[in-house]
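First up is the structure itself, then whatever we jot down about it.
The values are calculated or read from the model by the stated rules, or taken from the named source; none is laboratory data. Since the structure is predicted, the reported quantities are computational estimates derived from the model, not experimental observations. No Cβ is skipped: glycine too gets one built from the backbone with ideal geometry, and neighbour counts run over all protein chains shown. The accessibility values were calculated without ligands, DNA or RNA, using every heavy atom of the protein model including side chains. Shrake-Rupley method; radii C 1.70, N 1.55, O 1.52, S 1.80 Å.
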Amino acid sequence: MIKIKEAVIVEGKYDKIKLSGILDTVIIETDGFAIFKDKEKQRLIRFLAEKRGIIVMTDSDSAGFKIRSFIKNITKNDNIKNVYIPDIYGKEKRKTEMSKEGKIGVEGMETQVIMSALQKAGVLYNENSKKEGREITHTDFFEDGISGGENSSLIRKAFAK
């Protein structure tokens, strides 16, 4: 499971269930278009956007884009990352027929597709990506006399001041 700081906003409970198996973070459902009238949930989303940032991951259909646009407007676009899942046509396993636009939503996406979308949006970072500076090791502390040597406790105290 991947731990992220931002809260994730999705359309429905099955999207939330899918992402709960992948991400370790707060996941909020909009309950579809119910978000347009739910003032309490709107306040919660604004609060989360301000305090920890939000990631909006809706389906790639027109309803998903309307919800995404609404969230952008109520949060004044503060601390929002948009994650777009690709247009994949088909039917989700739990449904008897295809959606109106024939696209698979967040709940029907393979985990690897979701991970790729998160990475493209800058939510996940590739381990091979360049790191700023370098790691400090125990050897560095030892070589600088901060650890493991005579008077290292005095050196640490002086350094702390």
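Exactly one residue out of ILE35, ILE74, ILE80 is within 18 Å of the chain's Cα centre (by Cα) and of a type in the set (Val, Ile, Thr), and it is ILE80. Scanning region 114-123 for residues that are at pLDDT below 90 and crowded, with 18+ Cβ neighbours inside 10 Å gives a single hit, VAL123.
When both residues are 6+ apart or on different chains and their Cβ atoms are under 7 Å apart, which pairs have a first residue that lies in region 42-64 and is over 16 Å from ILE74 (Cα atoms) and open to solvent by less than 60 Å² (accessible area, probe 1.4 Å), and a second that is in a strand (DSSP E or B) and among the charged types (D, E, K, R)? Listed pairs, sorted by first residue: ASP59/LYS103; SER60/LYS103; ASP61/LYS103.
In region 87-113, the residue that is least open to solvent (accessible area, probe 1.4 Å) out of those that are closer than 19 Å to LYS13 by Cβ and in a helix (DSSP H, G or I) is VAL106. Any residue in region 61-83 that is of a type in the set (Phe, Trp, Tyr), in a loop (DSSP other than H, G, I, E, B) and modelled with pLDDT of 90 or more? Looking through region 61-83, none of the residues is of a type in the set (Phe, Trp, Tyr), in a loop (DSSP other than H, G, I, E, B) and modelled with pLDDT of 90 or more.
Does region 15-31 hold any residues that are assigned to a helix (DSSP H, G or I) and either buried (at least 17 other Cβ atoms within 10 Å of the Cβ) or in contact with a strand residue (DSSP E or B) (Cβ under 8 Å, 6 or more places away or on another chain) (or both), and which are they? Within region 15-31, ASP15, LYS16, LYS18, LEU19, SER20 meet the criteria.
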